[in-house]
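What follows is one structure encoded as structure tokens, with my remarks underneath.
The values are calculated or read from the model by the stated rules, or taken from the named source; none is laboratory data. Everything numeric here is computed off the predicted structure, so don't read it as measured data. Note: ideal-geometry Cβ built from the backbone for every residue, glycine included; neighbour counts use all protein chains shown.
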There are 2 protein chains.
Amino acid sequence: MNEFDWIDRYLRPLAKSPGADRLRNDVGVLRPAGSSLIATLDTLVEGVHFLNTDPLSSVAQKLLRVNISDILCKGGVPRDALLSIAMPKSFTESDFASLCEGLKTDLDAWTIALIGGDTVRTPGPLTLSLTLTGVCLTESVIQRSGAIVGDTVYVTGVIGRGGLGLSDAQSGKEGDHVDHYRIPELPPAAIAGLIAAFATASIDVSDGLISDSGHIAGESGVSIQLDLSNVPFAEQVPDTESALMLATAGDDYQTLFTAAAEDEHRLLATAATLGVSVTAIGTVGEGHGVKLTFNGEDVALPTRTGYRH
Amino acid sequence: MNEFDWIDRYLRPLAKSPGADRLRNDVGVLRPAGSSLIATLDTLVEGVHFLNTDPLSSVAQKLLRVNISDILCKGGVPRDALLSIAMPKSFTESDFASLCEGLKTDLDAWTIALIGGDTVRTPGPLTLSLTLTGVCLTESVIQRSGAIVGDTVYVTGVIGRGGLGLSDAQSGKEGDHVDHYRIPELPPAAIAGLIAAFATASIDVSDGLISDSGHIAGESGVSIQLDLSNVPFAEQVPDTESALMLATAGDDYQTLFTAAAEDEHRLLATAATLGVSVTAIGTVGEGHGVKLTFNGEDVALPTRTGYRH
């Protein structure tokens, strides 16, 4: 069986929407949307963004989730996907089947339609690119640049699992953090509604909490003051060093956002109703850059504020 | 200067649409469309889809054009793009600048908005993926599956330049065919209007004329009879072998389509008005598969009907 049969057997059954036309057309048809359509594209390279020991079904889920994270953090609902698979020579049918199994799990879970893509051979490592569209719940998309002096800074879920998981995976351990490193746990889909209703600026935490806070500060022309004592870290942080380690590790795929201070009560009540875990971790001020405190003390910004892939 | 500065310097200036937000957001915003939005994704790998001696500006143009070809052949107008660049370790700033130069040329020529993407490092070869959206000029997209018994088969431009160009390029020659291999010459944008007005089924000729005719025949549940004597080949074909060579070579990026026989006069007149070169090369019949004649004689279908990447 050659790789074109693999597509028939494993990939085509995943492309069920009318716009996918069972992947038989040259293009996929995007489902019509009442409001703004957005799109994101992320690429994962074996040995760079995932380990060659990671199960391929989990790699497929990670690929989908890093893209879903981008859509959710903008107040959008994931919609249609196009997938590129560049397969190394050693790639087998069972590898392809495993990849498609992970894909199916999360396409189904998030009701995303796979509408097209490309499958090629490469002399290099397995390289996966996914384009994901989303429908904004607001008329215009939430930017990184909308934070206003006086806003409160919030983050969903917990911070540091990606970094802890990577180091555990590299040393051959298993456990919750490794699970999150392989298949990132995202905020629930309802985060999109919360962002659409309240956020002035937003980003997903992929480079690291401090680095991504810096992106909002930079694009918004403001400073962001984070109180590391309030950050919901994935494990106990006995000292500044351990707090900084987790705040710079990346691969969290939680949503970091700013919202008007006077909305805090209503925002937290809505989050609780929606079942979204949200914590206030800082404030937006004049100036520029990120400023840190821990247990009431100022903390110098580390040289490396995040992990860039 | 590191690769993030490269993005600032070379890539960001290409992302001028409001939806791109100068590539500062996590997502790009697709421009609203009055009718069906379609999308395609193609990946080019160094050493597989282009030669490592090809100029990088031409590789970028090829990447855009193989995707534009998919949109045009469906009766669509290209619109928004997302680009993934997986750069090998040896990739320099001047390589990046050259890639962006080719990109700019064709983004401008086709008024395509670059709205997002991803830039990563790879231990493997340069790997480029482009997602391109398009707006259909018809209410629903033209499929491969719409050919009807009695239809006429047409092709735009000339056939065989991609194959001739590849073999010339591999033996170090230069010339028109090599130029087309590196930067495929596409039918004019007006082909989208012609397809929208007349086509019952369509595909772009990327695998090879015979192979792609077979895709239409297979998806439509019909047979396609091609008269190779009528095919506008890129060079004189003295015998069946040379005709078959050019009809199976691929990388032509012309549009192959079927239309009702009674529309032939009106179709050719419209094509002439639009400045689109179109030739009738066959007919749609009962049965299945592709049947060939050359100078009035039946020709056996070659074992290899096209070139699959």
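Counting only residues that are within 10 Å of another protein chain (Cβ to nearest Cβ) and either within 26 Å of residue B:113 (Cβ to Cβ) or of a type in the set (D, E, K, R) (or both), how many does the stretch A:35-67 have?
13
From A:165, A:160, grab the single residue that is surrounded by 23 or more Cβ atoms within 10 Å (Cβ to Cβ), touching a His at 6+ places or on another chain (Cβ under 6 Å), more than 19 Å from residue A:70 (Cβ to Cβ) and assigned by TED's automatic domain parsing to the domain that holds residue A:250.
Numbers: A:160 fails: touching a His at 6+ places or on another chain (Cβ under 6 Å).
Going through A:165, A:160 in turn, just one is surrounded by 23 or more Cβ atoms within 10 Å (Cβ to Cβ), touching a His at 6+ places or on another chain (Cβ under 6 Å), more than 19 Å from residue A:70 (Cβ to Cβ) and assigned by TED's automatic domain parsing to the domain that holds residue A:250: A:165.
Return the residues of the stretch B:68-101 that are surrounded by 24 or more Cβ atoms within 10 Å (Cβ to Cβ), more than 10 Å from chain A (Cβ to nearest Cβ), more than 30 Å from residue B:143 (Cβ to Cβ) and among the aliphatic types (A, V, I, L, M); say none if nothing qualifies.
Residue satisfying the conditions is B:99 alone.
Of A:185, A:174, which residue is away from every other protein chain (no Cβ under 11 Å), over 24 Å from residue A:259 (Cβ atoms) and part of a loop (DSSP other than H, G, I, E, B)?
Residue meeting the stated conditions: A:174.
Does residue A:287 satisfy being assigned to a strand (DSSP E or B), at pLDDT 95 or above and small (Gly, Ala, Ser)?
Considered against the rule, which asks whether it is assigned to a strand (DSSP E or B), at pLDDT 95 or above and small (Gly, Ala, Ser), residue A:287 comes out as no.
Can you find a residue that is in contact with a Leu (Cβ under 8 Å, 6 or more places away or on another chain), under 30 Å from residue B:33 (Cα atoms) and within 14 Å of another protein chain (Cβ to nearest Cβ) anywhere in the stretch B:145-153?
Checked against the condition, which is being in contact with a Leu (Cβ under 8 Å, 6 or more places away or on another chain), under 30 Å from residue B:33 (Cα atoms) and within 14 Å of another protein chain (Cβ to nearest Cβ), the stretch B:145-153 yields no hits at all.
Look at the stretch A:44-56 and say how many of its residues are surrounded by 21 or more Cβ atoms within 10 Å (Cβ to Cβ) and touching a helix residue (DSSP H, G or I) at 6+ places or on another chain (Cβ under 7 Å).
3
Checking residue A:251 against (1) crowded, with 21+ Cβ neighbours inside 10 Å; (2) outside any loop (DSSP other than H, G, I, E, B), only one condition comes out false. Which one?
(2)
In the stretch A:86-99, which residues are over 15 Å from residue A:14 (Cα atoms) and either outside the structural domain of residue A:124 (by TED's automatic domain parsing) or among the aliphatic types (A, V, I, L, M) (or both)?
The answer is A:86, A:87.
What are the pairs with Cβ atoms under 9 angstrom where one residue, in the stretch A:227-251, is in the same structural domain as residue A:66 (by TED's automatic domain parsing) and the other, located anywhere, is assigned to a strand (DSSP E or B)? Sequence gap at least six, or different chains.
Once the first residue is in the same structural domain as residue A:66 (by TED's automatic domain parsing) and sits in the stretch A:227-251, no partner that is assigned to a strand (DSSP E or B) comes close enough.
Among residues belonging to the stretch B:18-34 that are more than 7 Å from chain A (Cβ to nearest Cβ) and surrounded by fewer than 21 Cβ atoms within 10 Å (Cβ to Cβ), point out the one that is farthest from residue A:45 (Cα to Cα). Can you show your working first?
To start, the set of residues in the stretch B:18-34 that are more than 7 Å from chain A (Cβ to nearest Cβ) comprises B:18-20, B:22-23, B:31-34.
Among the residues that remain, those that are also surrounded by fewer than 21 Cβ atoms within 10 Å (Cβ to Cβ) are: B:18, B:22-23, B:31-34.
Values: B:18: 30, B:22: 25, B:23: 21, B:31: 30, B:32: 32, B:33: 33, B:34: 37 Å.
Within the stretch B:18-34, the match that is farthest from residue A:45 (Cα to Cα) is B:34.
Going through A:138, A:105, A:119, A:133 one at a time, which residue ends up being outside any loop (DSSP other than H, G, I, E, B), within 20 Å of the chain's Cα centre (by Cα) and within 14 Å of chain B (Cβ to nearest Cβ)? If you could, list the steps in order and put the result at the bottom.
On the way: A:138 fails: outside any loop (DSSP other than H, G, I, E, B); A:105 fails: within 14 Å of chain B (Cβ to nearest Cβ); A:119 fails: within 20 Å of the chain's Cα centre (by Cα).
Result: A:133 is the single residue among A:138, A:105, A:119, A:133 that is outside any loop (DSSP other than H, G, I, E, B), within 20 Å of the chain's Cα centre (by Cα) and within 14 Å of chain B (Cβ to nearest Cβ).
Would the stretch B:12-21 turn up any residue that is closer than 19 Å to residue B:91 by Cβ and either modelled with pLDDT of 80 or more or of a type in the set (Lys, Arg) (or both)?
Checking the stretch B:12-21: at least one residue is closer than 19 Å to residue B:91 by Cβ and either modelled with pLDDT of 80 or more or of a type in the set (Lys, Arg) (or both).
In the stretch A:95-110, how many are touching a residue at least 12 places away in the same chain (Cβ under 8 Å) and either over 16 Å from residue A:45 (Cα atoms) or in contact with a His (Cβ under 6 Å, 6 or more places away or on another chain) (or both)?
Count: 11.
Check whether at least one residue in the stretch A:48-58 is of a type in the set (Val, Ile, Thr), closer than 20 Å to residue A:108 by Cα and in the same structural domain as residue A:121 (by TED's automatic domain parsing), and report yes or no.
No, the stretch A:48-58 contains no residue that is of a type in the set (Val, Ile, Thr), closer than 20 Å to residue A:108 by Cα and in the same structural domain as residue A:121 (by TED's automatic domain parsing).
Residue A:304 passes all but one of (1) over 24 Å from residue A:186 (Cβ atoms); (2) modelled with pLDDT under 95; (3) surrounded by 17 or more Cβ atoms within 10 Å (Cβ to Cβ); which number fails?
Status for residue A:304: all satisfied but (3).
Just to be sure before I move on: is residue A:45 in a strand (DSSP E or B) and farther than 19 Å from residue B:132 by Cα in the structure I sent?
Criteria met by residue A:45.
Kindly indicate whether residue A:284 is without any contact (Cβ under 8 Å) to a residue 24 or more places away in the chain, more than 26 Å from residue B:118 (Cα to Cα), crowded, with 18+ Cβ neighbours inside 10 Å and out of contact with any Lys or Arg (no Cβ under 9 Å at 6 or more places or on another chain).
no
So residue B:294 clears everything in (1) closer than 20 Å to residue B:202 by Cβ; (2) surrounded by 14 or more Cβ atoms within 10 Å (Cβ to Cβ); (3) touching a residue at least 40 places away in the same chain (Cβ under 8 Å); (4) not polar (S, T, N, Q) except one condition, right? Which one?
The failed condition is (1).
Checking the conditions here, which among B:174, B:185 is charged (D, E, K, R), modelled with pLDDT of 95 or more and in the same structural domain as residue B:275 (by TED's automatic domain parsing)?
Step by step, each of B:174, B:185 is checked, and only B:185 is charged (D, E, K, R), modelled with pLDDT of 95 or more and in the same structural domain as residue B:275 (by TED's automatic domain parsing).
Scan the stretch B:198-224 and report the pairs whose first residue is within 14 Å of chain A (Cβ to nearest Cβ) and whose second residue is assigned to a helix (DSSP H, G or I) and of a type in the set (D, E, K, R), with Cβ atoms within less than 6 Å and a gap of 6+ or a chain change.
Hits for this filter: B:203/B:212; B:204/B:70; B:205/B:212.
Out of all the residues in the stretch A:218-234, which are part of a helix (DSSP H, G or I) and farther than 23 Å from residue A:162 by Cα?
Matches in the stretch A:218-234: A:218, A:219, A:220.
Scan the stretch B:235-248 residue by residue and report those that are of a type outside the set (Gly, Ala, Ser) and either part of a helix (DSSP H, G or I) or closer than 18 Å to residue B:175 by Cβ (or both).
B:235, B:236, B:240, B:241, B:244, B:245, B:246, listed by residue number.
Would you confirm whether or not the stretch A:215-238 contains a residue that is touching a helix residue (DSSP H, G or I) at 6+ places or on another chain (Cβ under 6 Å), at pLDDT below 95 and under 23 Å from residue B:24 (Cα atoms)?
Taking every residue of the stretch A:215-238 in turn, none turns out to be touching a helix residue (DSSP H, G or I) at 6+ places or on another chain (Cβ under 6 Å), at pLDDT below 95 and under 23 Å from residue B:24 (Cα atoms).
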